[in-house]
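First up is the structure itself, then whatever we jot down about it.
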Amino acid sequence: MGLIRISGLRVAFSTCSEEIRAVDAVDLDIRSGDSLSLIGESGCGKTVMGMAIMGLLPKNAMISGSIRYGDQEILSAPDRTMQQIRGKEIAMISQNSANALDPVMTIGDQIAEPLLIHRLLPTTEARSETLRLLSALGFDEPETAAGRYPHEFSGGMRERILIALALICNPRLIIADEPTAGLDAQVKSQILRLIKKQIASNRTLFLITHDMGTASFLSTRIAVMYAGELVEAGPTKEVLAMPRHPYTQGLLASLPSAGLHPIPGMSPAPAHLPKGCRFCARCPSATDRCSTLHPPLKETSNTRQVRCFLYD
Amino acid sequence: MIELEAITKIYTKGFLRQQKTTAVNNVSLSIKKGGSLGLVGESGSGKTTLGRIALRLIEPTSGTVRFDGVNLMALSRSALRQIRPRMQIVFQDPDTSLDPRMTVQECIAEPLEIWNLVEPQDREDRVLELLDLVGLQPDLIGRFPFEISGGQKQRVALARVLALTPDFIVADEPTAALDLSVQAQVLSLIKTIQKKTNLTLLFISHDLQIIGQMCDSVAVMHKGTIVEQGTPRGILRDPKDPYTQKLIDAAYESEAWLGKEKKV
């Protein structure tokens, strides 16, 4: 059952001279209890997808399509509706812990705030709830920690604080946007284990990342995005073991352990997308048809979809 | 080519600067001409401090740095300036290392101008040559840093460094801010250029996998000291130090998630 159903989502931004299509006709279901990773390079539109679900797109975005949360339409829903959902039903672990936290509020106050607003808890209960969560997230002395300010914590600890912020109201869906960017290998693995443990208890995860390792550790399904559209989707294990789209194959070959074989060239500029396949210029198996016709996203099996003429 | 002898760096802070942090503790390292050494360790292990001391961008508390036989610590400011073009650094984040008000052209031409390396009328040709060397299109020449991608910015930073035809480069996590596929592009570019121009390279990273691909020797740093040194193959196959083992486990963990077998 689809907790979130995205259909025909388009998000564009206009600059003075050109239109930038950040997300282009994306259909995606996030099923209840699922953990889905959205993979892609910087600028492919994956963060914009997360923002669209949260209802946090900037005012100048031109939006069309639909995002349904249960049976409620939440794309371009009024602010008041979204305020009831955001933080309470759908919460986000944002990237860059240094900017996401308020520098002049103690972390205890920041974590407890949604409890006071969404669940109207009395302060004593909000306090004990916050301390309980902090200790569950690995803070040895939650009372001391709660009274500190963000700058007094390391990057790894700040990431835990962001996780606490997202979990505090026990939301159904968690959107995590690059939760481990900028952390070193050991801290990263601690944080990922923590997220995995927290989503196990009947929560749904939508993970946005460019890191294959993270995606494969945390998610059961994977969707690969390139230049604003989905190019491949399927169960994580199958996609990583047998990638179908040449872009996914290229990404896996760029891993240090696979020998750092780069994909030649660059993603097309979102203001000047090619007419045919968007990956055509960088693709080793491109044919004439690829540069003139735009391939549709096709089902290749019950569980897998790919946007490539090779699988016609 | 570059020799570090008994380098120690102690940072002081607090009341009367009495609070002391030992960032680098009695470290000795050397890199042969044309060699590449990978310095690996977690955040805060002192690897960036050590990389900067190697260029005398930071003064060590004690110890000496020799570059091509010259004791850098004994040089005056002006003598040090004269030797700087031969040793360069590529920083972690091109957003903060490139001047936002300079075009790509100005940025790459600046070192050529300062050192008067080519005649003014040939400067543009040299800039185009350098752009080509780092795999950038000539039409980027008039762009500002905010108009190009992170990978392109890091290539510009690299072109600026190569403008001086240095003998020694410190690359401090040059791909930390880049995506997977762009990382692969930039790293293989650095590797190709290093081989082609016989550069000596000190490559700083927290990723053992990357160092294994990039370097012919590796030094593992932990809490300011070198705990282990050897070839990437040797260290990955048979780590002697428990900390190295931990690093390797962390590095392989994400491989294991990808369903791959350990391979050395």
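Helices (runs of 4 or more DSSP H) fully within region B:178-264 that include at least 1 residues being among the charged types (D, E, K, R), crowded, with 18+ Cβ neighbours inside 10 Å and modelled with pLDDT under 90: B:242-257. Counting the residues of region A:262-276 that are in contact with a Pro (Cβ under 7 Å, 6 or more places away or on another chain) and closer than 20 Å to B:V182 by Cα gives 1. The single condition among (1) under 14 Å from the mean Cα position of the chain (by Cα); (2) modelled with pLDDT under 95 that B:L37 does not meet is (2). Among the residues of region B:170-190, those that are without any contact (Cβ under 8 Å) to a residue 40 or more places away in the chain and over 12 Å from the mean Cα position of the chain (by Cα) comprise B:L178, B:D179, B:L180, B:S181, B:V182, B:Q183, B:A184, B:V186, B:S188.
Yes/no per residue for (1) under 30 Å from A:V224 (Cα atoms); (2) out of contact with any Pro (no Cβ under 7 Å at 6 or more places or on another chain):
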position	(1), (2)
A:D29	yes, yes
A:M82	yes, yes
A:D109	no, yes
A:A112	no, yes
A:L131	no, no
A:T144	no, yes
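Of all the residues in region B:191-213, those that are under 25 Å from A:T214 (Cβ atoms) and out of contact with any Gly (no Cβ under 6 Å at 6 or more places or on another chain) number 8. Take B:R155 and decide whether it is assigned to a helix (DSSP H, G or I), touching a Gly at 6+ places or on another chain (Cβ under 9 Å), under 22 Å from B:L55 (Cα atoms) and not hydroxyl-bearing (S, T, Y). For B:R155, the condition - assigned to a helix (DSSP H, G or I), touching a Gly at 6+ places or on another chain (Cβ under 9 Å), under 22 Å from B:L55 (Cα atoms) and not hydroxyl-bearing (S, T, Y) - is met.
Here the condition is being under 21 Å from A:R10 (Cβ atoms) and modelled with pLDDT under 90; of A:A271, A:A227, A:A233, it holds for A:A271 alone.
Looking at A:Q198, A:Q186, A:Q190, which is the one that is without any contact (Cβ under 8 Å) to a residue 12 or more places away in the chain and either surrounded by fewer than 22 Cβ atoms within 10 Å (Cβ to Cβ) or of a type in the set (K, R) (or both)? Answer to the check: A:Q186. Kindly state which strands (runs of 3 or more DSSP E) lie completely within region A:15-119 and contain at least 3 residues that are buried (at least 22 other Cβ atoms within 10 Å of the Cβ) and at pLDDT 90 or above. Hits in region A:15-119: A:19-31, A:35-39, A:90-93. Scanning region B:32-86 for residues that are assigned to a loop (DSSP other than H, G, I, E, B) and in contact with a helix residue (DSSP H, G or I) (Cβ under 9 Å, 6 or more places away or on another chain) returns B:G34, B:G41, B:E42, B:S43, B:L55, B:R56, B:L57, B:I58, B:E59, B:P60, B:D68, B:L75.
The values are calculated or read from the model by the stated rules, or taken from the named source; none is laboratory data. Model, not experiment: these values are computed from the prediction. Neighbour counts are summed over all protein chains in view; Cβ atoms, including those assigned to glycine, are modelled from backbone coordinates with ideal geometry.
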